[in-house]
Amino acid sequence: MFDFILPNYHDGSIINLMSSISNNFEQKHEYKELPSLTSEELKRSHNVILLVIDGLGYEFLKKQKESYLFENLRTNITSTFISTTACANTAFNVGYPPQQHGLTGWDINLKEVGSITTILPFVPLFGKESLDKSNFKMEDIIDMPSFHKNFNAKCFALINKKLASSQFTKNTYKDMKIIPTASYTDTFTKLKKIINTKSNKRKFVHAYINDFDSYSHNYGINSRTVKELFLDLDKKIKTFSKQIKDTNTKLIIVADHGLIDVEIDKQIWVENIEGLSECLTIPLTGESRLRYCFVRPHKVKDFERIMKTKLSKYCWCYKGEELIKQNLYGLGKPNKKIFDRVGDYVLIMKDNYLLNDKLANFEKPKRSLKSHHGGVSPDEMLVPLIVLDC
């Protein structure tokens, strides 16, 4: 039915990895464990580090065959649907995919707020002021129980200081000690201190590094700048793994998604597709690589005709509720809020095309992003699983 890579929630995704980690710390998880890294293997380690390098895709790592990370690659696993930080990185924090946590992309139509919201900074699509200043609370948007509360371990979260105090971080890292970091170099310094501090109780450390994703967006995943950043990260991880040798630590390195380079002429604008804007009740939500369309009931036939005659070369079109029922967002009972947030129709971009639209205050950006994610290509959907015994 689908001509692209689907998330393998049964036994081959980042969710199954979180199941292994959760069961290892005696907190029962609803999804199956990851066969390539089981809870039984993890239980043999006193410390478990989950190091998430935002944007480090498996297809990128395959090209770095001389690297320390490639040398210790165990396998590849899939991201969530959709393959973006708002969906997949949230899954690392709360242990479950969008089917349960309810976040569906970078820009979400939030009925509770009455606005399309850029979810991680928690700001309206058109503004810069956080919604918490208007008394909106993240716990009303992500109504998930604490993932780490019943872990039989001391739990730490290391995250860049610019993100450490956000509503999103505080809400999804509940029952963890949040430690702000100044850089990824600082991350390894603080990781070493945590691991080398003696404790009778086991430790779980979730460390998040966002630099690779940021550099890839700005310079392109195949750029020299990103390659140099990767090599520096690779070197520092190798050094760090040696510094914590013989501490009985399992170091798991993974990513939330990968990225794909996009040329400027691959960008499609709603306003340039005759009749499409008139079909929509609100602006597009989601990501440039996967769009949610909320369609006027009396314009459904017109919308479907436009999809078939003008956009079929550039995207696949599915009914949103169909994708939820087909378990693309996860297994089990869906969060009720997801039905409000997934559009009437979902447009999944083919190849490396983007789809965007313009608000009335649109200004041409001074600089376009070179790489994107959120789509269903191998570059975006497959992430590496790297495992080190220290």
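The values are calculated or read from the model by the stated rules, or taken from the named source; none is laboratory data. A quick note: this is a predicted structure, and the numbers were derived from the prediction, not measured. Backbone-built Cβ (ideal geometry, glycine too); neighbour counts: all protein chains shown.
Have a look at A182, A157, A164 and point out the one that is aliphatic (A, V, I, L, M) and more than 27 Å from F81 (Cα to Cα).
Working: A157 fails: more than 27 Å from F81 (Cα to Cα); A164 fails: more than 27 Å from F81 (Cα to Cα).
Only one candidate qualifies: A182.
Here the condition is being within 30 Å of K203 (Cβ to Cβ) and buried (at least 20 other Cβ atoms within 10 Å of the Cβ); of I49, I82, it holds for I49 alone. F147 passes every criterion in (1) assigned to a loop (DSSP other than H, G, I, E, B); (2) within 30 Å of K236 (Cβ to Cβ); (3) free of Cβ contacts under 8 Å to residues at least 40 places away in the same chain apart from (3). For the stretch 133-156, a residue qualifies if it is crowded, with 17+ Cβ neighbours inside 10 Å, within 23 Å of I116 (Cβ to Cβ) and more than 19 Å from the chain's Cα centre (by Cα), and exactly one does: F136. Only one entry of V300, V262, V295 meets the criterion of being under 30 Å from I15 (Cβ atoms) and hydrophobic (A, V, I, L, M, F, W, C), and that entry is V262.
Is it fair to say P124 is more than 30 Å from I21 (Cα to Cα), without any contact (Cβ under 8 Å) to a residue 12 or more places away in the chain and touching a helix residue (DSSP H, G or I) at 6+ places or on another chain (Cβ under 9 Å)? Quick ask: steps written out before the conclusion?
Working: more than 30 Å from I21 (Cα to Cα): yes; without any contact (Cβ under 8 Å) to a residue 12 or more places away in the chain: yes; touching a helix residue (DSSP H, G or I) at 6+ places or on another chain (Cβ under 9 Å): yes.
Considered against the rule, which asks whether it is more than 30 Å from I21 (Cα to Cα), without any contact (Cβ under 8 Å) to a residue 12 or more places away in the chain and touching a helix residue (DSSP H, G or I) at 6+ places or on another chain (Cβ under 9 Å), P124 comes out as yes.
Taking the options K333, K325, K310, name whichever one is in contact with a Gly (Cβ under 9 Å, 6 or more places away or on another chain) and surrounded by fewer than 21 Cβ atoms within 10 Å (Cβ to Cβ). So that I can check it myself, show each step before the final result.
On the way: K333 fails: in contact with a Gly (Cβ under 9 Å, 6 or more places away or on another chain); K325 fails: in contact with a Gly (Cβ under 9 Å, 6 or more places away or on another chain).
Of the residues listed, the single one that is in contact with a Gly (Cβ under 9 Å, 6 or more places away or on another chain) and surrounded by fewer than 21 Cβ atoms within 10 Å (Cβ to Cβ) is K310.
The residues on offer are E228, E287, E304, and the sole one that is surrounded by 14 or more Cβ atoms within 10 Å (Cβ to Cβ), within 25 Å of D211 (Cα to Cα) and of a type outside the set (A, V, I, L, M) is E287.
All told, T90 meets the bar of being part of a helix (DSSP H, G or I), closer than 28 Å to L259 by Cα and in contact with a Pro (Cβ under 9 Å, 6 or more places away or on another chain). Checked against (1) buried (at least 21 other Cβ atoms within 10 Å of the Cβ); (2) part of a helix (DSSP H, G or I); (3) of a type in the set (A, V, I, L, M, F, W, C), I159 passes all but a single condition, namely (2).
This table checks each residue for (1) outside any helix (DSSP H, G or I); (2) of a type in the set (D, E); (3) farther than 25 Å from A360 by Cα; (4) touching a strand residue (DSSP E or B) at 6+ places or on another chain (Cβ under 8 Å).
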residue: L233; (1), (2), (3), (4): no, no, yes, yes
residue: K236; (1), (2), (3), (4): no, no, yes, no
residue: K242; (1), (2), (3), (4): no, no, yes, no
residue: K245; (1), (2), (3), (4): yes, no, yes, no
residue: K250; (1), (2), (3), (4): yes, no, yes, yes
residue: D265; (1), (2), (3), (4): no, yes, no, no
residue: I268; (1), (2), (3), (4): yes, no, no, yes
residue: E271; (1), (2), (3), (4): no, yes, no, no
residue: E274; (1), (2), (3), (4): yes, yes, no, no
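Would you be able to tell me the number of residues in the stretch 341-368 that are of a type in the set (A, V, I, L, M) and either surrounded by fewer than 16 Cβ atoms within 10 Å (Cβ to Cβ) or without any contact (Cβ under 8 Å) to a residue 40 or more places away in the chain (or both)? Full working, then the answer.
Just the residues of the stretch 341-368 that are of a type in the set (A, V, I, L, M), to begin with: 342, 346-349, 354-355, 359-360.
Going one step further and asking which of them are either surrounded by fewer than 16 Cβ atoms within 10 Å (Cβ to Cβ) or without any contact (Cβ under 8 Å) to a residue 40 or more places away in the chain (or both), we end up with 359-360.
Within the stretch 341-368, residues that are of a type in the set (A, V, I, L, M) and either surrounded by fewer than 16 Cβ atoms within 10 Å (Cβ to Cβ) or without any contact (Cβ under 8 Å) to a residue 40 or more places away in the chain (or both) number 2.
Would you pick out the residues in the stretch 338-351 that are under 23 Å from S13 (Cα atoms) and part of a loop (DSSP other than H, G, I, E, B)? Selection gives V342, K350, D351. Considering only residues of the stretch 71-81 that are touching a residue at least 24 places away in the same chain (Cβ under 8 Å) and not aliphatic (A, V, I, L, M), which is farthest from Q99 (Cα to Cα)? For the stretch 71-81, the residue satisfying everything is N72. Scanning the stretch 173-188 for residues that are closer than 15 Å to K236 by Cα and either surrounded by 15 or more Cβ atoms within 10 Å (Cβ to Cβ) or touching a Lys or Arg at 6+ places or on another chain (Cβ under 7 Å) (or both) turns up Y184, T185, D186, T187, F188.
All told, L50 meets the bar of being modelled with pLDDT of 95 or more, under 23 Å from L191 (Cβ atoms) and in contact with a His (Cβ under 7 Å, 6 or more places away or on another chain).
Return the only residue of G57, G12, G95 being over 28 Å from K154 (Cα atoms) and surrounded by 18 or more Cβ atoms within 10 Å (Cβ to Cβ). Show your work before the answer.
Details: G12 fails: over 28 Å from K154 (Cα atoms); G95 fails: over 28 Å from K154 (Cα atoms).
Residue meeting the stated conditions: G57.
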